[in-house]
């Protein structure tokens, strides 16, 4: 039985992953902004076999509350084995351009709040010498594209933080998992025209679950995004900056 704190728990991918943990009989604390939706998700997970499900309401822009959230989850579950971070938004890039407040708000939600959870959880897991820190980042963090560089920069920052954290915690038996989905058909991407590269939230959630169980390092999902990422990295900068995507 694992004791799991799942943040951004009402997101489609988070719910899909949580259903697998529930089927294993794990205990979960669900954290997010909308308490009514959290309770609905909690009821579903209890019905699917979760041994315990608690809910905590938090606005992740209130970054100073993030460390206390980790501690409260630990108290509710009498310990903590997994932190799975899934909160985030896909901002309007054009709206962010020239708007400092909006840009920093999106960065805070997609990056700063994540780091504010990872810092206390990493200290806890390092001391107990076990645990899994997992974050749903994005293929967008591989390179900064003109169409979504605010979002991409936030995800890239988190991935770099995770890489350093992985090195620090390697000797402590703590796994650090960076899950990098490509396009996923969720409410967050409802306004984006769909194409064959889009995956379902159910498939990505299952891959997140497997990555946590195995303690993998970096996971691209679906699998072919690993090779797309490699191509993106190899494009020379003079050419890349002229690409309109």
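The values are calculated or read from the model by the stated rules, or taken from the named source; none is laboratory data. What you see is a predicted model; the values in this text were computed from it and never measured. All Cβ positions, glycine included, derive from the backbone under ideal geometry; neighbour counts span all protein chains shown.
Tabulated data for the structure shown
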read-out	value
Selected residue [more than 18 Å from residue 14 (Cβ to Cβ) and in contact with a strand residue (DSSP E or B) (Cβ under 6 Å, 6 or more places away or on another chain)] from 165, 232	165
Any chance residue 184 is farther than 26 Å from residue 62 by Cβ, at pLDDT 95 or above, surrounded by 15 or more Cβ atoms within 10 Å (Cβ to Cβ) and touching a helix residue (DSSP H, G or I) at 6+ places or on another chain (Cβ under 8 Å)	no
Candidates 209, 151 - the one that is crowded, with 16+ Cβ neighbours inside 10 Å, in contact with a helix residue (DSSP H, G or I) (Cβ under 8 Å, 6 or more places away or on another chain) and either within 17 Å of residue 91 (Cβ to Cβ) or free of Cβ contacts under 8 Å to residues at least 12 places away in the same chain (or both)	151
Candidates 4, 13, 51, filtered to the one that is over 17 Å from residue 204 (Cβ atoms) and within 16 Å of the chain's Cα centre (by Cα)	4
Of all residues making up the range 71-96, the number that are assigned to a loop (DSSP other than H, G, I, E, B) and free of Cβ contacts under 8 Å to residues at least 12 places away in the same chain	1
Residues of the range 190-206 satisfying the condition of being farther than 11 Å from residue 221 by Cα and either touching a helix residue (DSSP H, G or I) at 6+ places or on another chain (Cβ under 7 Å) or surrounded by 15 or more Cβ atoms within 10 Å (Cβ to Cβ) (or both)	202
Pick from the range 98-141, criterion part of a loop (DSSP other than H, G, I, E, B) and at pLDDT 95 or above, ranking: nearest to the chain's Cα centre (by Cα)	137
Which numbered condition residue 50 misses (of (1) more than 21 Å from residue 110 (Cα to Cα); (2) in contact (Cβ under 8 Å) with a residue 40 or more places away in the chain)	(2)
Set 160, 154, 190, 201: member being within 25 Å of residue 82 (Cα to Cα) and at pLDDT below 95	201
